[in-house]
Amino acid sequence: MGFLDRFRKSSPPQPPSQPEYAEWFMSALRDAGDTRTWTYEQERGRLVETGLAAGAASGIINLVNMHQDYVNAGPEGRPDCMRRQVAGMMQQFVPPNFADAKTKLRPVIRSTTERGVIKLQGFGNGPKVEMAYRALCENIEIGIAYDGEFNVMRLSKATFEQWGITFDDAFDIAVDNLRAESSKPWLAMQNGVFLSQFGDFYDASRLLLTDLLYRQPIMGAPVVMAPNRTVLLLTGDRNDAGLQTLVDVAEQALAQTRSLPPLMLRWSGAAWERFVPESLAEKLHRLRLRELTVDYQDQQATLNDAHKQKGHDVFVAEHTILQRADGEQRSICVWSEGVHSLLPDTDFIALYRPSTNQTAFVPRNEFRQQFADIANPTEHLPIRYEVKAFPDEETFVGLTGRYGKLPGHS
């Protein structure tokens with residue numbers, strides 16, 4: 001070591017990998033008095049409780065967001081981050097009486113995929129947990145959470161039944177609670193776009209406070225995007241430059257943790273509706289495809305695990321994105337003859353006959369109309385179609401004649 005090296009600042013330690021973090025987190029849980037036994041599943045990025053009696057529900061801790069939060073906290077903030085995360089796992093307490101819980105209720109905005117994941121993670125592991133929700137727009141929904149000291153706990157239907165209160169009544173209280181904590185000013189960005197600055201993991205939920213949105217100097221009806229739980233972007237539907245900026249900023253925010261569906265929504269005066277300006281249609285479609293690909297990948301892995309446990313021989317098809325020569329992107333999946341399959345909802349379905357190497361690239365609407373009798377929609381979130389039988393010879397030959405090539409591809 002040179003003389004001057006002794007006076008130079010050392011480089012900050014490298015953040016831990018997820019496997020390292022998982023080991024540290026399990027150790028921290030034990031130190032905090034957790035007597036449960038956990039196994040780390042690296043390919044799924046989660047901890048699964050083991051050593052339970054037959055039929056008992058396994059606890060699951062998803063580490064992807066937690067690990068990223070720990071990394072983002074930096075060297076100085078990581079010890080406190082770990083303490084809060086451990087406390088959050090150890091103190092998941094919801095008061096048994098509604099009167100004791102009502103001031104802590106908050107509305108939350110979530111992807112419907114979250115409910116789908118919760119259902120699948122409980123596959124074969126005891127009673128199913130049914131989350132309480134209200135549809136908002138397409139695959140975005142509203143839930144209600146208990147705002148604990150260390151975590152945000154989304155509430156199930158069983159909790160409201162225990163309390164003897166309806167979802168609607170709890171929702172009204174939760175919205176009032178949120179409104180009381182929504183006085184911070186918005187950040188004015190370029191081109192008439194405004195960014196929420198609440199910093200409490202309920203930023204996205206403020207889209208429910210439409211009176212708050214109208215107080216901002218926007219041009220036209222409110223248009224929002226909530227790319228993750230901590231970001232709400234706002235502009236007006238008569239501001240073309242603002243709409244472009246809205247999408248650009250939302251795309252950047254999607255790289256953060258706890259992402260939400262990248263839908264552009266416009267307030268009609270009575271409800272939030274999907275809004276797709278013509279000039280932004282292709283970009284919004286790309287963002288949507290990217291989201292669905294990730295959701296279907298996660299779902300595919302969970303379904304494969306579930307089928308393996310049950311001994312079911314079912315092929316879970318991939319949601320794949322293809323790009324045309326003109327740059328336009330479309331989604332596609334493969335339906336092979338003789339294979340019991342679960343197909344994702346894609347722009348095109350490639351019906352494939354291995355024996356003759358023939359393929360028909362059938363558009364989504366044609367698929368739904370033509371095969372309503374043999375392609376059964378499932379309850380999975382996102383949706384899949386279960387197919388056991390392949391189209392008959394006459395139908396398949398007709399489809400290969402009409403859809404023998406994928407549009408835009410040589």
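The values are calculated or read from the model by the stated rules, or taken from the named source; none is laboratory data. On a predicted model such as this, the values are computed, not experimentally measured, just so you know. Virtual Cβ from ideal backbone geometry, glycine too; neighbours counted across all protein chains shown.
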Those residues of the range 315-338 which are in contact with a Pro (Cβ under 9 Å, 6 or more places away or on another chain) and not in a strand (DSSP E or B) amount to ALA317, GLU318, HIS319, ARG324, GLU337, GLY338
Quick one: is GLU379 of a type in the set (Asp, Glu) and assigned to a loop (DSSP other than H, G, I, E, B)? yes
Which condition number does LYS104 fail, the rest of (1) farther than 30 Å from LEU209 by Cα; (2) surrounded by 14 or more Cβ atoms within 10 Å (Cβ to Cβ) being met? (1)
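Provide a single number: the residues in the range 351-365 that are in a strand (DSSP E or B) and free of Cβ contacts under 8 Å to residues at least 24 places away in the same chain. Talk me through it step by step, then tell me what you get.
Residues of the range 351-365 in a strand (DSSP E or B): 351-353, 358-363.
Still in the running and free of Cβ contacts under 8 Å to residues at least 24 places away in the same chain: 352.
Of the residues in that region, 1 qualify.
Output the residues belonging to the range 288-301 that are in contact (Cβ under 8 Å) with a residue 24 or more places away in the chain and more than 21 Å from ILE140 (Cβ to Cβ). Write out each step before concluding.
Step one: of the range 288-301, the residues in contact (Cβ under 8 Å) with a residue 24 or more places away in the chain are 288-293, 295-296, 298-299, 301.
The answer is ALA301, and nothing else.
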Mind checking which residues of the range 226-261 are among the aliphatic types (A, V, I, L, M), touching a Pro at 6+ places or on another chain (Cβ under 7 Å) and not in a helix (DSSP H, G or I)? LEU234, LEU254, LEU260
Just one of ALA204, ALA174, ALA170, ALA221 is aliphatic (A, V, I, L, M) and surrounded by fewer than 18 Cβ atoms within 10 Å (Cβ to Cβ); which is it? ALA221
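Rundown of residues vs (1) crowded, with 16+ Cβ neighbours inside 10 Å; (2) in the same structural domain as PRO391 (by the TED database), yes/no style:
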{"position": "ALA281", "(1), (2)": "no, no"}
{"position": "THR302", "(1), (2)": "yes, no"}
{"position": "GLY327", "(1), (2)": "no, yes"}
{"position": "GLU337", "(1), (2)": "no, yes"}
{"position": "ASP347", "(1), (2)": "yes, yes"}
{"position": "ARG368", "(1), (2)": "no, yes"}
{"position": "PHE371", "(1), (2)": "yes, yes"}
{"position": "ILE374", "(1), (2)": "no, yes"}
{"position": "THR378", "(1), (2)": "no, yes"}
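One line per residue, one yes/no per condition, for (1) farther than 30 Å from THR159 by Cα; (2) modelled with pLDDT of 90 or more; (3) not in a helix (DSSP H, G or I):
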| residue | (1), (2), (3) |
| --- | --- |
| SER10 | yes, no, yes |
| TYR21 | yes, yes, no |
| THR35 | no, no, yes |
| TRP38 | no, yes, yes |
| GLU49 | no, no, yes |
| ALA57 | no, no, yes |
| TYR70 | yes, yes, no |
| ARG78 | yes, yes, no |
| GLN92 | no, no, yes |
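Considering only the range 137-188, state which residues are among the aromatic types (Phe, Trp, Tyr) and either closer than 17 Å to PHE201 by Cα or touching a Cys at 6+ places or on another chain (Cβ under 9 Å) (or both). Quick ask: steps written out before the conclusion?
Taking the range 137-188 first, the residues among the aromatic types (Phe, Trp, Tyr) are 146, 150, 160, 163, 167, 171, 186.
Within the range 137-188, TYR146, PHE150, TRP186 qualify.
Answer yes if at least one residue in the range 389-398 is polar (S, T, N, Q), part of a loop (DSSP other than H, G, I, E, B), modelled with pLDDT of 95 or more and in the same structural domain as VAL316 (by the TED database), and no otherwise.
Pass one, the range 389-398, residues polar (S, T, N, Q): 395.
Adding the requirement that they be part of a loop (DSSP other than H, G, I, E, B) leaves none.
No, the range 389-398 has no match at all.
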